[in-house]
Amino acid sequence: MTTVITGNFRLAFFPSQLNGNSVRFLFRPFTTPVFKRSLTTRVRAFSTAFVETKPTEPLVEEKEDTGGGNNGLACPICYDPLIRIGESTSYVGSTAGSNLQCNTCKKTYCGNETHLDLVASSGSKQYDESMPLAAEMFRTPVVSFLYERGWRQNFIFGGFPGPEKEFDMAKNYLKPVLGGNIIDASCGSGLFTRLFAKSGLFSLVFALDYSENMLRQCYEFIEKEENFPKEKVTLVRADISRLPFKSSSVDAVHAGAALHCWPSPSTAVAEISRVLRPGGVFVATTYILDGPFGFVPFLRTFRQNIMGIAGSHIFLSERELEDLCRTCGLVGFTCVRNGLFVMISTRKPS
Ligand SMILES: C[S@@+](CC[C@H](N)C(=O)[O-])C[C@H]1O[C@@H](n2cnc3c(N)ncnc32)[C@H](O)[C@@H]1O
């Protein structure tokens, strides 16, 4: 990065990781700590095109996440705040080259072109782990590509009213937390993320999913939209069972059509409960296999088998969902049904 002091501002030039020759301008008043540090480290080469001079201290600008830039993200191992390293920002289109570091365990988390990778195993070279089938399926490029191009539309047969209607319904439950931040948990290709961001009803939207390919789709759909408020959206790869957020830091969590895909709904809902601030709202949709299905003999045994094979959780009653939320510390459970479809709402006690 080359730093030039001009007037009352600092201009920073550095090649982006994407095309190697873009220029980014950063304006900072002289008085900031960043400026003071830049006085001692004016020039640093990132490629052979630049000549490196001897920096008297490393060109690392550390900044605790105060809620403005990296907006409440925490280490998925320590749950302590992440510190930005360098000039990284973390909204859509700017994650490439973003580096965040945990102040406690010192682990560094990197961003690529499309998202920040905040799973506990991020950066591992040898270790690889797979999720149950229901989650792994969504990690494939083909399912991710097809998801918004026909796959999701089929949910209508299970009673799902469709994204626009579901969004309207969710908005109703989210009224007490409008203006706050929201996690679109297991966002898939981001159909609700985009609606949340464009609605202007939330200050920040975290599009969170375990699938790298879903996040890529999400990024591409956002890139295609004109006048999209990208600065409001951060794409994060994370496991719902280990959310990279500080406790009590989130106003709302939305999870469309995902509860039944999570390996352990109770661990996931407990995590959601942890990150919600008092009064924060959780809205989710899923299926309930009851009604005529309630008469199927051995349904519980069948469920155990399905769960064993696919890792998908089949809910058998509204009471079961209510019990799940209650045992994870959430209160005020309500739900609406349409066939097998259910939308639930619950909140963290104030
Ligand atoms: C059926 S899609 C739902 C997408 C979108 N929310 C919707 O309403 O259409 C389920 C999503 O859950 C994600 N998922 C599965 N297991 C997950 C986990 N452990 N952590 C985070 N996301 C997970 C999948 O990658 C997939 O994108």
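Points to keep in mind about this one:
- Cα centroid separation, region 207-237 to region 124-150 (Å): 16
- Above-threshold pairs, the threshold being 26 Å between Cα atoms, out of Lys106/Lys348; Lys107/Lys171; Lys175/Lys198; Lys246/Lys348; Lys230/Lys348: Lys106/Lys348; Lys107/Lys171; Lys230/Lys348
- When Asp128, Asp168, Asp117 are compared by accessible area of protein heavy atoms, the largest-first order is Asp128, Asp168, Asp117, using a 1.4 Å probe.
- Computed from the C-beta positions of Glu322 and Phe302, the FRET efficiency with R₀ = 22 Å rounds to 0.50.
- Of the three principal axes defined by the Cα atoms of region 143-256, the extents in descending order read 36, 33, 29 Å.
- In plain terms, if you count all Cα to Cα distances in region 133-347 and split them into 5 Å steps from zero, the share in each step is 1, 7, 15, 20, 22, 18, 10, 4, 2, 0, 0 percent.
- Per residue, the accessible area of region 133-347 comes to 41 Å², computed with a 1.4 Å probe over protein heavy atoms only.
- For the peptides 261-267, 229-235, 327-333, residues were scored by their other Cβ atoms within 10 Å and the scores averaged per peptide; the highest-first order is 229-235, 261-267, 327-333.
- In range of the label at Trp151: residues from region 247-273 whose backbone nitrogen is under 16 Å from the point 7 Å along Cα→Cβ: 256-263
The values are calculated or read from the model by the stated rules, or taken from the named source; none is laboratory data. Everything numeric here is computed off the predicted structure, so don't read it as measured data. Neighbour counts are summed over all protein chains in view; Cβ atoms, including those assigned to glycine, are modelled from backbone coordinates with ideal geometry. The protein model used for the area step is the full one, side chains on, heavy atoms only, and it has no ligands, DNA or RNA in it. Shrake-Rupley method; radii C 1.70, N 1.55, O 1.52, S 1.80 Å.
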